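Colleague: Got a structure for you, written out below as structure tokens; questions coming shortly.
The values are calculated or read from the model by the stated rules, or taken from the named source; none is laboratory data. Predicted model only: the values in this text are computed from it and were never measured. Here the Cβ positions follow ideal geometry from the backbone for every residue, glycine too, while neighbour counts run over all protein chains shown. What goes into the accessible areas is simple: the full protein's heavy atoms, side chains included, and nothing from ligands, DNA or RNA. Shrake-Rupley method; radii C 1.70, N 1.55, O 1.52, S 1.80 Å.
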Amino acid sequence: MHVIHFAAECYPVAKVGGLADVLGALPKYQQKAGIKASVIMPFYNKPFVQTHDFEPVYEGAIQQGDKLYPYTILREQADTLGFELLLVKIPQLLDRREVYSYADESEQFLAYQHAALDWLCTAKYRPDIIHCHDHHAGLIPFYIEYAGQFSFLKGVPTVATVHNGQYQGWMHWRMASLMPAFDTWSWGLLDWDGLINPLAALIKCCWAYTTVSTGYLTELYTKANGLESLFAAERAKSYGIVNGIDTEVWNQATDPMLPVNFNLTTVNKGKQGNKQAICKTYHLNDQLPLGVFIGRFALEKGADLLPNTLRYMLNKYAGQVNFFVLGSGDETIEQSLQAVLVDFPQHLGLYIGYNEELAHQIYAAADYLFMPSRVEPCGLNQLYAMRYGTVPVVHATGGLKDTVKDLNTAGGYGFLFDEATEEGAIAGLERVLLHWQEADTKTWGQLRKFLMKLDFSWEKSTEKYTELYKQKLINI
Ligand code: ADP
């Protein structure tokens, strides 16, 4: 069986968030399970492409409105990632540094999908499954069915995975003139509330759709940024498959980014060593409990709650707690956190920006991870944290609710709070702090070991995707 994944991100080629982590891992584990997996994504001018060898496998051109764009399909020669990596390069459109946030982003993703399908059809390359991730690849199933030039791919089952239903790729209808010619009677499949909505088109036209946790699947019926009724109407073809973590990349015992590697036997010493390293750099007292936040400063992540919540905790528990925040995004949040740093320089570490290495170091150094997300389709941070012996303190929503069991329940190992508000978040942080103060090193160490032993590996989830492909879609 051969599956081709269409996605905008793939770690370590280009990463903005969890989408990249999934695309860097799932195909690798599919290969290990005996499925041929490829990823085709846009070309970005990032370090990975500068340091790896690529060969052109195809050269063609697409017409987008009145512009003719020559494109090249590049293949990474050494299969460094453990699967076939293909890039769509289009000079001036798909050869830039950043993944998102260009004014002509719609043109970029339209061209990416158009060129990728053009290549598959002209090269007569027909996979067994086409797997589309999020709205950047949302038009693929529609094109295959309703754009005559791609009819070669008709009958290939299409799977959609929703990593984040908040972003839908909305476009004005005038953008339809930039698309490949399609059966105009079918325009309604592209439309949602008077706009072209690639995520809606994906859900309508795919053969099956999955979400990255079961909790998120049901949440989408009531909270999907306008698409609630669509997700509910299409529920017969929906499946919740929780993400895993790449235990080769996220391995405390071998992670080359950590100052101190550790295992189940050396966890307490190892984590203290990592904490000392971070605390030394950021002038924090390494004897205090270290709570951390890592992520995008966005409302869905509850990052707006950070400044007041941390300020409250740092005031009330003066000299008893330290925090570290790594992230970037909303400028107001960035400035408010800078202001908290000015007031508590000895108890807050702050890094505004994206830093993969620092993220690894912080997961390893932290005592607990704070995730007040309002919406969390799966959430990978809590999984990485637990793998590195860090206790999750999370808002009970979506994938967080599915993967973290509260300490107050049988077999529990984390802290859940019910409301994504400052009060809710403070209640969660006070609970973990109290637990830290009451637990002796042995009890806290046992909790760390328990977390490290939890199995969130990709093998289990890969099996579920295989089952979906084989039993529901291609019957082999
Ligand atoms: P989302 O994809 O919604 O942003 P996830 O929890 O699924 O959230 O995945 C976030 C991923 O991005 C994790 O691998 C996390 O470590 C990483 N990450 C987020 N922000 C940063 C940052 N500022 N620096 C480094 N890594 C980050």
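Colleague: Given 0.36 nm per residue, what is the gain on full extension from D95 to Y125 after removing their alpha carbon distance, in nm?
Modeller: 8.4 nm
Colleague: I'd like the Karplus ³J(HN,Hα) series for region 327-339: coefficients 6.51, -1.76, 1.60, θ = phi - 60°, whole numbers in Hz, and an x wherever there's a Gly or Pro.
Modeller: Computed from phi, the couplings for region 327-339 are x, 7, x, 3, 5, 4, 5, 4, 5, 5, 5, 4, 5 Hz.
Colleague: Note down the relative contact order for the chain as a percent, whole number, built from C-alpha pairs under 8 angstrom at least six residues apart.
Modeller: Details: 931 pairs, mean separation 56.4, N = 476.
Averaging sequence separation for qualifying contacts and normalising by length gives 12 percent for the chain.
Colleague: For the chain, what % of the accessible area comes from carbon and sulfur atoms, probe 1.4 Å?
Modeller: The nonpolar share, carbon plus sulfur, comes to 51 percent.
Colleague: Could you sort the peptides 404-415, 142-153 by per-residue average Cβ neighbour count (10 Å cutoff), highest mean leading?
Modeller: Highest mean packing first, the order is 142-153, 404-415.
Colleague: Let me check I've understood the local charge: for A147, count other residues with C-beta under 12 angstrom from its C-beta, Lys and Arg +1, Asp and Glu -1. What total comes out?
Modeller: Once all neighbours under 12 Å are counted, the net charge is -2.
Colleague: Sticking with this structure for a sec: Using 7 Å Cα-to-Cβ label points, what is the Q276/Y221 separation (nm, one decimal)?
Modeller: So the label points at Q276 and Y221 sit 5.3 nm apart.
Colleague: Please give every one of the lysines within straight-line cross-link reach of K89, meaning a C-alpha to C-alpha distance under 17 Å, and leave out same-chain neighbours fewer than 8 residues apart.
Modeller: Of all the lysines, those that pass the test against K89 - Cα under 17 Å, at least 8 places apart if same chain - are K46, K67.
Colleague: Further question: Give me a comma-separated list of calculated 3J(HN,Hα) values for region 70-83, in order, Karplus coefficients 6.51, -1.76, 1.60 applied at θ = phi - 60°, integers in Hz, x for any Gly or Pro.
Modeller: x, 9, 10, 9, 10, 10, 6, 5, 8, 6, 3, 7, x, 7
Colleague: Separate question: Using amide H atoms built 1.01 Å from N in the peptide plane, name the residues 5+ places from L416, or on other chains, whose amide H lies under 5 Å from its own.
Modeller: For L416, whose amide H was placed from the backbone, the distant partners under 5 Å are V394, L407.
Colleague: Also, quick follow-up: I'd like to check one number: the per residue accessible area of region 143-276, probe 1.4 Å, reported in Å² as a whole number.
Modeller: About 41 Å² of surface per residue is accessible.
Colleague: Once phi is turned into θ = phi - 60°, what whole-Hz ³J(HN,Hα) does the Karplus curve with 6.51, -1.76 and 1.60 give for every residue of region 415-421, x standing for Gly and Pro?
Modeller: Along region 415-421, the couplings run 10, 10, 10, 7, 10, 8, 10 Hz.
Colleague: Just flag the GluC sites (Glu not before Pro) in region 25-118 sitting in loop per DSSP whose Cβ has no more than 15 other Cβ atoms within 10 Å.
Modeller: The qualifying sites are E98.
Colleague: Treating only the Cβ atoms of Lys and Arg (+1) and Asp and Glu (-1) as charged, compute the dipole magnitude of region 267-455 about its Cα centre; round to the nearest 20 debye.
Modeller: 780
Colleague: Amide H to amide H under 5 Å from Y58: which residues, 5+ apart in sequence or cross-chain, H placed 1.01 Å off N in plane?
Modeller: I73
Colleague: Count charges around S229 for me, please; just the other residues with Cβ under 13 Å from its Cβ, Lys/Arg as +1, Asp/Glu as -1.
Modeller: Taking every other residue near S229 into account, the sum is 0.
Colleague: Can you compute the charge dipole magnitude of the chain about its Cα centre, using +1 on each Lys and Arg Cβ and -1 on each Asp and Glu Cβ, nothing else charged? Give it in debye, rounded to the nearest 20.
Modeller: 1020
Colleague: Sequence-distant or interchain residues sharing an amide H contact under 5 Å with L350, placed H: which?
Modeller: V325
Colleague: Say each of A232 and F450 gets a label point 7 Å from the Cα, pointing the same way as Cα to Cβ; how far apart are those two points in nm?
Modeller: The modelled label-to-label distance comes out at 3.8 nm.
Colleague: Hand me the GluC sites (Glu not before Pro) from region 423-476 located in a DSSP loop with no more than 16 other Cβ atoms within 10 Å, in residue order please.
Modeller: Values: sites: E423, E430, E438, E459, E463, E467; in loops: none.
Qualifying residues, ordered by number: none.
Colleague: Also: Region 267-455: D in µm²/s via Stokes-Einstein (Kirkwood Rh, Cα pairs, 25 °C, 0.890 mPa s)?
Modeller: The Stokes-Einstein estimate is 152 µm²/s.
Colleague: Okay, moving on. Using heavy-atom solvent-accessible surface (probe 1.4 Å) with all chains present, what is the largest-first order of R431, R126, R448?
Modeller: Working: R431 75, R126 115, R448 20 Å².
Largest accessible area first, the residues go R126, R431, R448.
Colleague: Return the subset of K36/K453; K154/K237; K28/K271; K32/K237; K237/K401; K36/K470 for which the Cα-Cα distance in this structure is over 25 Å, preserving the input order.
Modeller: Cα-Cα > 25 Å for K36/K453; K28/K271; K32/K237; rest within.
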